[in-house]
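Everything on this sheet refers to the single structure shown next.
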Amino acid sequence: MALTGSATAPLGDAVGVSASLLERLRRILPQPVELRETHAAWVLLSGDVALKLRKPVRFAFLDYSTPALRLAAAREEVRVNAALAPGLCRGVRALVEHDGRIELGPPVETAGAVDYAVEMRRFDERLTMAARCDAGRLRERQVDAIARLLARFHAGAERCDGGTEAFAARVRADVGELQQMTGTRPALARFAEAALARHAAELDARAGRGCCRDGHGDLRAEHVVLEQPPLIVDRIEFDAALRRIDVGSDLAFLTMDLELRGCAGAARRLVAAYVRAGGDPGSAGLRTLFAWQRAIVRAKVALLRDDGEEAERLLALAERLAWRERLAGVTLVSGPPASGKSTLADLLARRSGLPVLSSDVVRKELAGAAATARLDADAYRAEATDAVYRELGARAARAVAEQGGAIVDATGRSQALRRLLLEQLDDRGPVRVLVCEAPAALRRARADARLSDPERVSDADAAVAERIAAAFEPPLAGEARIDAVLRVDCRELGDAPLEQLAARLDGADA
C-alpha cells in the first residue's frame, strides 16, 4: 500500500518569502554552500559554519509561524544543546536587510531583523553514528562511549513526572495520528493497549524511582557525532514535553534507529553498556515497547515528508518490534513430533528477530554430531534427554539476557522435562508455551515426508512420532514457572494463523 502524508500546514506565502530569504542568505556565504532540509528547517553548510533557518510552518507538534516564535525556538535550541554538545551552537544570529542585501547581525535580538538563524560549528558528517553504521565501520568502543555519555547525562538530568498515564496518552495519540494518515489499522491499536497493560506496573514504578528525566527526545544515529569527545546534537527544543520522558524511551530511539540501519548488534551492545554505566533502561519487553513507539513516531515524520518508502520500512520494523514485545522472555513451542512446531518457531523468529533454540540441534551438538547426522538410540536415553533440556534452559537464559527473548523449539513432552528447562531461567522474564496441534494422520504424513529430506534435523520417523505423541503430557495453565499456555492449530501455517496468534497474545478472541 502506498503511504502519503501532508508536508506542511499552509501559511499563506510565508514559506515562499522565507525560501527567498534563504536564497539571499546563501549568496553572502563563502562558496560552496550545501543545503540540508527537514520538514521544519533549512541548514546551510559553508566552510566550518552551519546556519539553521527555521521554516514558517505550523504542525500539531511545533509552531514556527511567526518570527518571534522562531527566535524563541532558536534561543532554546542553543540553551538545551549545551549539555550534550558543548560549544557546538555559537549563538543566534539576526538576519538583517541592508541596502537590499541580507546580512548576518550579532548574536542578539536586533531591531529590524527579518528572521533569525542559529550559527553552529560544522561537524564532519562522516563521523556520525549513522554514517559509521551505514559504512560498516561502527566500533564497539564507540558504542560503549556513547552509552556512558548517555548514562551520565540521564543521571544528571532534571527529574520529571511520568508513568503509565502519560506514556499511554502519548502512544494513543501517535496511533490515532498514524491511523489518520494510513487508514484504519486495528491491530496497531490492539497491540498498543495490550502492551501498555503488560507494562503499566513497571512504568509507574520507574516513574516513582526517578527514571523519567529531561532527556534528548530525538536520539537518532545521525545526531550522534563520534568526535573526541563525542557529541549528541539536535536535542528537541520546540516542545519540552517530547524530551521529558522515561530514560528507557530516550535510549530506545537510538536502538530503534540502529536496528533500522541493520545494526541490531550495536543496539544490543548499547543497552548492555548503558546498564554497565549505571543506567536503567527497563525490562526487555518495556524497552521493545519504547522502541516500537519510536518507530511509529518516525513513520509519522516520514509521511509528513511524503516519504512513503521510509514509512513502510519503519512500519515493518514496528511490526517486528511488536512481535518481539509479545514474545519477550521465553516462548516454548511445544507439541508432538511433526506437529508443526519447528515451522511455527521459525516463522516467529522471522517475525520477531529473536533466536530459535532447537532441542534437535542441541542434542546433535552435545553428541558431537552434525545437525543432519543420524543418532543412535543411546543419544535418546533419558539421561541424554535430560542434559538436552538443561542445556536448552541455560542457552535460553543467555539469549533472554542478551537479546530480550528466546524461542525454544522442543517437544517438552513431560512436566519433568519442562521443569528441567525452565529451572535454568533464574526468573528471566515471562514464560509462555505454545502447544502445536495437528491430526495424527497429518503428523504421520509429515514425519514420513521429511525422511527423504537430506537436510532434516529431526530423527523421528512416523513410528517414533506416534509413540511420543501417545505419551505426550500437554502443559497446563498454572504449571510451575509457566505464565500462559496457548494451543495453536498447526494444520496450516502462514500469515493468517500468525495474525490470529498475535491477536490471542494481545488478549483478543481472534
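Bear in mind these aren't lab numbers, they're just calculated from the coordinates by the rules spelled out. Please read these numbers as outputs of a predicted model, since none were measured by experiment. Methodologically, a virtual Cβ is constructed for each residue, glycine included, from the backbone with ideal geometry; neighbour enumeration extends over all protein chains shown.
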Subject >> Unit Cα scatterers, Debye sum, the stretch 81-142: log10 I(q)/I(0) for q = 0.22, 0.26, 0.28 Å⁻¹ >> reply: -0.88, -1.03, -1.09
Original post:
With charges set only on the Cβ (+1 for Lys and Arg, -1 for Asp and Glu), what does the dipole of the chain come to about its Cα centre, in debye to the nearest 20?
Top reply: 620
Original post:
So how far apart, in nm, are the two label points at residue 343 and residue 442 if each is 7 Å from Cα heading toward Cβ?
Top reply: 0.8
Original post:
In the set (1) 48; (2) 58; (3) 54, which value of percent of Cα pairs over 29 Å apart was calculated from the structure you see?
Top reply: (2)
**OP:** Using θ = phi - 60° and the Karplus relation 6.51 cos²θ - 1.76 cosθ + 1.60, list the HN-Hα couplings for the stretch 272-287 in order, rounded to whole Hz, with x at every Gly or Pro.
**Re:** 4, 5, 4, 5, 4, 7, x, x, 10, x, x, 5, 4, x, 5, 4
**OP:** Mind running the shape call on the stretch 435-510? Use the C-alpha gyration tensor, a ≥ b ≥ c as the square roots of the eigenvalues: rounded below 1.5 for a/c, prolate if a/b tops b/c, oblate otherwise.
**Re:** oblate
**OP:** Report, in whole Å, the centroid distance computed from the Cα atoms of the stretch 219-266 and the stretch 75-148.
**Re:** 16
Original post:
Rounded, prolate or oblate: which fits the stretch 235-299 when a ≥ b ≥ c are the square roots of the eigenvalues of the alpha-carbon gyration tensor, with rounded for a/c under 1.5 and prolate only if a/b beats b/c?
Top reply: oblate
**OP:** Run down the lysines and flag those whose C-alpha is under 30 Å from the C-alpha of residue 300, throwing out any fewer than 8 positions away in its chain.
**Re:** 52, 55
Original post:
If you rank 202, 103, 158 by fewest surrounding Cβ atoms within 10 Å, what's the result?
Top reply: 158, 103, 202
**OP:** Find which of 133, 39, 502 sits farthest along the positive direction of the dipole of the chain, computed with +1 on the beta-carbon of Lys and Arg, -1 on that of Asp and Glu, about the Cα centre.
**Re:** 133
Original post:
So how long is each side of the stretch 327-505 along the principal axes, counting just the alpha-carbon atoms, biggest first, in Å?
Top reply: 37, 35, 28
Subject >> Inter-centroid distance (Cα atoms) of the stretch 444-499 relative to the stretch 282-340, Å >> reply: 26
Subject >> Relative contact order (percent, whole number), the chain, Cα cutoff 8 Å, 6+ residue spacing >> reply: 13
Original post:
Mean separation of Cα pairs under 8 Å and 6+ residues apart, divided by the residue count of the stretch 176-259: what relative contact order is that in percent?
Top reply: 29
**OP:** Would you calculate, for the chain, the mean residue ellipticity at 222 nm contributed by helices, counting each DSSP H stretch of 4 or more residues as -39,500 (n - 2.57) and dividing by all residues, to the nearest 500?
**Re:** -15500 deg cm²/dmol
Original post:
Based on the Kirkwood radius over alpha-carbon pairs, what value in µm²/s does the Stokes-Einstein equation return for the translational diffusion coefficient of the stretch 129-324 at 37 °C and 0.692 mPa s?
Top reply: 195
